[in-house]
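Single-structure report; data block below.
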Amino acid sequence: MGEANVKNEQLNEEGFRVHHLSEHEFNLDSISPNAIKVVHQLKAQGYEAYLVGGCVRDLLLDREPKDFDVATSALPEEVRQVFRNSRLIGRRFRLAHVRFGREIIEVATFRGSGAANGTGSDNGNNKGQETTQEIHEDGRILRDNVYGSMGEDATRRDFTINALYLDPEDETVLDRVNGMVDHQNRLIRLIGDPEERYREDPVRLLRAVRFAAKLDFAIAPETLQPISTFGSLLSGVPQARLYEEILKLFLSGHALQTFEDLCRHDLLKHLFPQTAHMLNQTESDSLRQLITLALRSTDSRVAENKPVTPYFLFAALLWGGLENAVQNRLDSENEYVVMQHAMGEILREQAQTVALPKRSSIPMREVWTLQPRFRQRRGSRPHRLLDHPRFRAAYDFLLLRAETGSENSELAEWWTQFQAVGSNQRKKMTQPRQQRRSTRSKKPSQKPASVVSKSGDA
Ligand code: ATP
Ligand code: MG
């Protein structure tokens with residue numbers, strides 16, 4: 001959008017500033033017709049309904065929203081009745097999903113401001129429904145199904161720029177928390193008392209950093225100030241939720257910036273303690289470079305709409321411990337055994353903070369275990385390695401390692417060439433250097449060559 005004209009506003013009866021959108025500020029055509037339909041039908045049934053959250057924020061920045069959220073005065077069960085194509089989900093936050101083919105519009109009932117005694121607000125919106133809010137003794141909100149007015153809903157949201165309500169039919173934005181001004185000034189600002197809001201939900205620490213990186217906004221001083229000291233609150237958040245947030249942090253196209261900000265605000269150690277620890281050591285340049293390259297390549301893939309996999313990033317983030325273990329092993333120790341042991345240790349240690357689910361940890365281990373196998377360039381093994389389902393990811397990882405000096409760049413080039421040439425050339429490339437005594441009858445040795453470039457060619 002262009003500059004929002006904040007003066008072009010009046011107050012409504014609920015204390016919201018009503019901002020009339022002008023054409024140059026807002027391209028209504030970018031709004032999903034299904035989202036407009038949902039708002040329209042709810043309003044037709046006499047409910048209040050608005051687009052809210054990330055989609056409004058993104059539309060105001062002239063970015064394509066990735067999905068559309070609707071906030072309404074209708075209760076979840078009422079939303080369910082208005083839309084046959086809907087179902088109710090969620091325990092922590094009860095929501096309706098309205099489905100149009102592959103698109104899902106998320107419809108949430110206005111939240112109450114959450115009286116801590118669990119009775120919720122008494123504005124008549126609960127209509128005898130179960131209204132529960134569970135608060136942990138550390139201040140965390142465990143369950144939040146207290147419904148309320150739109151005004152309360154605005155103050156329950158996290159950041160001011162996420163609490164703007166767009167009426168696509170009136171072409172107005174309703175704002176009770178000064179979100180338009182913060183939006184113009186490109187500021188991430190928590191609504192209410194920052195410390196209290198972080199305690200209620202420590203994931204907001206990560207969200208602040210994520211939105212700042214994604215939108216290229218600054219974090220308002222009072223919102224920024226508690227971040228580095230409140231990081232330890234993250235240990236109280238269920239691991240599955242943290243894992244989901246990690247995916248958002250690293251797979252939304254701004255992974256490198258987000259990672260640097262997590263380091264700067266001392267939050268990385270609450271998500272990847274081993275990585276944070278290793279990066280704080282003096283000789284961490286090559287690990288930092290490896291992580292940087294992996295994050296940068298993930299960002300470029302997102303920008304090109306190519307698929308991205310979290311396990312590749314985890315392989316880079318947690319690589320340092322494995323490389324150390326292999327490098328420091330005794331000569332008498334089998335490298336393969338050392339690697340298996342170290343991988344187990346790394347994953348166990350990681351599980352103390354955020355366990356990686358098997359769907360990530362298994363392919364990550366494969367990417368790692370294939371690394372020493374790249375050093376075996378003679379005979380049939382290189383041909384077989386090409387067919388391994390994890391070959392491509394492991395080869396990409398090898399390239400990153402070669403670029404950072406963790407592996408011989410000549411080896412990486414060999415593999416690039418090996419893939420590019422035809423089968424005759426491939427056979428030549430893998431012929432034994434000199435005719436050796438027949439090895440065919442011998443079982444291939446179990447021990448792969450070294451994962452670090454200290455040994456020669458296999
Ligand atoms: P994006 O989808 O781009 O990550 P978003 O702002 O839409 O960003 P969602 O997680 O989809 O983020 O949440 C939708 C809206 O719900 C937010 O804009 C915010 O208003 C509210 N919200 C989400 N998470 C929280 C939270 N932890 N605390 C308070 N409000 C939240
Ligand atoms: Mg969203």
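Under the combined filter of DSSP loop state and at most 13 neighbouring Cβ atoms within 10 Å, the range 279-354 retains none of its trypsin sites (Lys or Arg not before Pro).
Rounded to the nearest 10 degrees, what's the angle between the helix 358-373 long axis and the longest principal axis of the chain, both from Cα atoms, 0 to 90? It is inclined by approximately 30 degrees. Once the Cβ-Cβ distance between Q184 and E410 is put in as r, and R0 is 41 Å, what FRET efficiency do you end up with, to the nearest 0.05? My answer for the efficiency is 0.15. Once the Cα-Cα distance is subtracted from the 0.36 nm per residue extended length, the E103 to R63 segment shows a gain of 12.6 nm. The value given for the range 288-361 is a Kirkwood hydrodynamic radius of 13.8 Å, derived from the mean inverse Cα-Cα separation.
Around the Cα centre of the range 238-431, unit charges on the Cβ atoms of Lys, Arg, Asp and Glu (plus for the first two, minus for the last two) sum to a dipole of about 920 debye. In this calculation the C-beta distance from K306 to D331 is compared with R0 = 41 Å, giving a FRET efficiency of 0.45. Under the criterion of Cα pairs below 8 Å and six or more residues apart, the relative contact order for the range 295-392 equals 24 percent.
Between T155 and R433, the simple spin-label model (points 7 angstrom out along Cα→Cβ) gives 7.6 nm. According to the calculation over all Cα-Cα pairs in the chain, the P(r) per 10 Å bin from zero is 4, 18, 24, 21, 14, 11, 6, 2, 0, 0 %. As I understand it, the dipole of the chain uses +1 on the Cβ of Lys and Arg and -1 on the Cβ of Asp and Glu, about the Cα centre. Which of A212, L400, P238 lies farthest toward its positive end? The residue sitting most towards the positive pole is L400.
In the chain, excluding the sites themselves, the longest stretch lacking any of the GluC sites (Glu not before Pro) that are in a DSSP loop with at most 14 other Cβ atoms within 10 Å is 334-458.
Between the range 357-416 and the range 64-103, the C-alpha centres lie 44 angstrom from each other.
For the range 27-93, state which chymotrypsin sites (Phe, Trp or Tyr not before Pro) are in a DSSP loop and have at most 15 other beta carbons lying within 10 Å of their beta carbon. Those that pass, being in a loop and sparsely packed, are F93. The value of relative contact order for the range 205-293, using C-alpha pairs under 8 Å at least six residues apart, is 29 percent. Principal-axis analysis of the Cα atoms of the chain puts helix 409-420 at an angle of about 80° to the longest axis. With the simple spin-label model, which puts each label point 7 Å out from Cα in the Cβ direction, the K358 to E195 separation comes to 4.5 nm.
Across the chain, the mean sequence separation of Cα contacts (distance under 8 Å, 6 or more residues apart), normalised by length, yields a relative contact order of 9 percent. With neighbours defined as other Cβ atoms within 10 Å of a residue's Cβ, the residues L11, L256 order from fewest to most as L11, L256. Both radii were evaluated on the Cα set of the range 210-340; the Rg over Rh quotient, with Rh as the Kirkwood radius, amounts to 1.01.
Cα axis of helix 33-44 to longest principal axis of the chain: angle in degrees, 0 to 90, nearest 10? Result, in degrees: 30. With the charge dipole of the range 238-431 set up from +1 on Lys and Arg Cβ and -1 on Asp and Glu Cβ about the Cα centre, the Cα lying farthest toward the positive end among the listed residues A276, A412, V338 is that of A412. Find, among the trypsin sites (Lys or Arg not before Pro) in the range 172-226, those assigned to loop by DSSP (not H, G, I, E, B) with at most 13 other beta-carbon atoms within 10 angstrom. Filter output for the range 172-226: R186. Taking 0.36 nm per residue of sequence separation and removing the Cα-Cα distance, the A240/R264 pair yields an extension gain of 6.2 nm.
Every number here is computed from the coordinates shown, using simple stated rules; none is lab data. Keep in mind it's a predicted model, so treat the numbers as computed, not measured. Glycine gets a Cβ as well: all are built from the backbone with ideal geometry, and neighbour counts include every protein chain shown.
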